[in-house]
Amino acid sequence: MTVDSRINDLIDAVQYDKGLINRSIFVDRDVYELELERLFANTWLFLGHVSQVAEPGDFITTYMGEDSVIVSRGHDGRVRALLNSCRHRGMRVCRSDEGNTSFFKCPYHAWTYSSAGELEGVPKFRLGYAGVLDKKEWGLREVTRVEEYRGFLFGNWAPEGPSLDEWLGELKTYFDLLFARDPAGVEVVPGAHRWTVDTNWKIAAENFAADMYHVEHSHARPAELGLMQAVPDQGYQISAGMGFIGHAFTRPVSEDVGGEEPLHSYWTLPNIQTEFLAEQRKRIAEEKGAELARLIPLGHGALFPTFAWLDLEQFRLMRVHHPQGPDRTLIHQWCVLDKSLPEDVKDAVRKQYELTFGPAGLLEQDDGENWRECQNGMRGFIGRQLDSNMMLGLGSDRTAAEVVGDDDVPGIAGGIYSEINQRRFYELWKTYMQAASPESISKIPPTRI
């Protein structure tokens, strides 16, 4: 799209280095449309996990920006991502969240596609299309690049630009601690929680990238119930490559006592998963060092632009914040389990996930209310002209190696109460919004102090 001077001015007014974020970018329709073009058509977006499409014919549906896509394992064993839009009139050919099938049949005129997206069936073909329609040219549009890391599938419409490995970059150190600390890997609990929040996607995404500042205020109820106490002031927010993590430090690995005490000082109750986390921490400490092991579990985090996770003693989840307009976000969320956990522990972890961060969970409702009211406070003529203040920890950035105490740890960092990750998030956002094409960004913008 042609970008007029007004939109350029709004984007240019994002002064991430000063902690000033122009609020118009959360409510402006033209800015949002440019995001769909320059961000969501040109960056690596999370599609799903290989355990969700384990067998030939398995599929799930998701979104890339506002485009509905089918992630399907074809009968040739290859995983593809296909635009969920019939080439005849555009209707979605699949309206199920997940399943197994050998074909996708459009409900409108019954054009039928294989699980690999090839057009195979066209009613009245000989009568109306003979000599006119080449079926080979009218298959479902395939996402240009689909790549996998540690079983996690990502897609990108752009034919050029950084590979997924380059996109993850420095974040891989932390991603491996998060999703590969069990030698057997992880599995995703079947089925997704799906709900919408009337807020801009960036508000939800940046909250998972960094925000520990809200916890003791917005989530005060668990403390009142005796489930937790004040979060300590010792912790970290780390920006590494295109991703972010942050949380309080756990106790030193040397003080683990068989899982009888919570790893984080603010949790008050023993947890059925803690003893298994303690075993993982011991192994990671032996392999990679005790300081790095103190990050387990890793807390909140995100991969720009929309993939996020939460890793706590009680449970682990992953989620995507799909844009559905400048003031609406569709959330897809799954519970993630280590494969080697006993079945009774897996069941307990799943229940704790539902209690706290399901759509009606103790904590998730707080976040949804916050994000919706932020949007309401910025949508007016005066409100949208102001800057949001993201100065927390400004000027106090250090290397992640210094904060963690391990010279090999990548990235830049602030303390537990820092908005360093939000500032980095909007640096990346501005970089891609000002890029005329993905080819103009040949390298990931480096993290720097």
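Please treat every number below as a calculation from the coordinates, not as lab data. Computed from a prediction, not measured in an experiment: that's the story for all the values here. Ideal geometry is used to build each Cβ from the backbone, glycine not excepted, and the neighbour counts take in all protein chains shown.
A few comments on the model shown:
- Projecting the alpha carbon convex hull of the range 45-148 along each direction and taking the average yields 6.5 nm².
- Working from Cα pairs under 8 Å separated by at least six residues, relative contact order for the chain is 21 percent.
- Packing around the peptides 101-107, 331-337, 198-204, taken as the average count of other Cβ atoms within 10 Å per residue, puts them in this order, highest first: 198-204, 331-337, 101-107.
- Note on Asp12 and Glu261: the model spin-label points, each 7 Å out from Cα along the C-beta direction, lie 5.7 nm apart.
- Size of charge dipole - the chain - debye, nearest 20, with Cβ of Lys, Arg +1 and Asp, Glu -1, no other charges: 1640 debye
- Modelled FRET efficiency - R0 35 Å, Asp344 with Glu148, Cβ distances, 0.05 increments: 0.70
- Remark: spin-label model distance Ala230-Lys282 equals 3.4 nm, labels positioned 7 Å along the Cα→Cβ axis.
- Model label points for Lys136 and Ser5, set 7 angstrom from Cα along the Cα-to-Cβ axis, are 5.2 nm apart.
- Pairwise FRET efficiency - Gln385 versus His217, Cβ, R0 = 30 Å, nearest 0.05: 0.65
- Potential lengthening of the chain between Asp165 and Glu55 amounts to 37.1 nm, from the contour at 0.36 nm per residue minus the alpha-carbon distance.
- Tensor-based shape of the range 158-245 (alpha-carbon gyration tensor, a/c under 1.5 rounded, otherwise prolate or oblate): prolate
- Average Cα contact separation per residue, the range 45-148, under 8 Å, 6 or more apart, as relative contact order %: 22 percent
- Among 191-197, 123-129, 169-175, the peptide with the highest mean count of other Cβ atoms within 10 Å heads the list, and the full ranking is 169-175, 191-197, 123-129.
- Potential lengthening of the chain between Asp97 and Ser396 amounts to 103.2 nm, from the contour at 0.36 nm per residue minus the alpha-carbon distance.
- Sorted from longest to shortest, the spans of the Cα atoms of the chain along the three principal axes equal 76, 55, 40 Å.
- The Cα trace of the range 279-418 gives Rg and Dmax of 18.5, 57 Å, the first to one decimal, the second as a whole number.
- The range 207-352: antiparallel DSSP beta bridges as a percent of all, rounded to 5: 95 percent
- Among 36-43, 395-402, 220-227, sorting by the average number of other beta carbon atoms lying within 10 angstrom of each residue, highest first, gives 36-43, 395-402, 220-227.
- Above-threshold pairs, the threshold being 27 Å between Cα atoms, out of Lys288/Lys339; Lys282/Lys346; Lys202/Lys346; Lys18/Lys202; Lys18/Lys288: Lys202/Lys346; Lys18/Lys288
- Cysteines in the chain that lack a partner Cβ within the 4.7 Å cut-off: Cys94, Cys335, Cys374.
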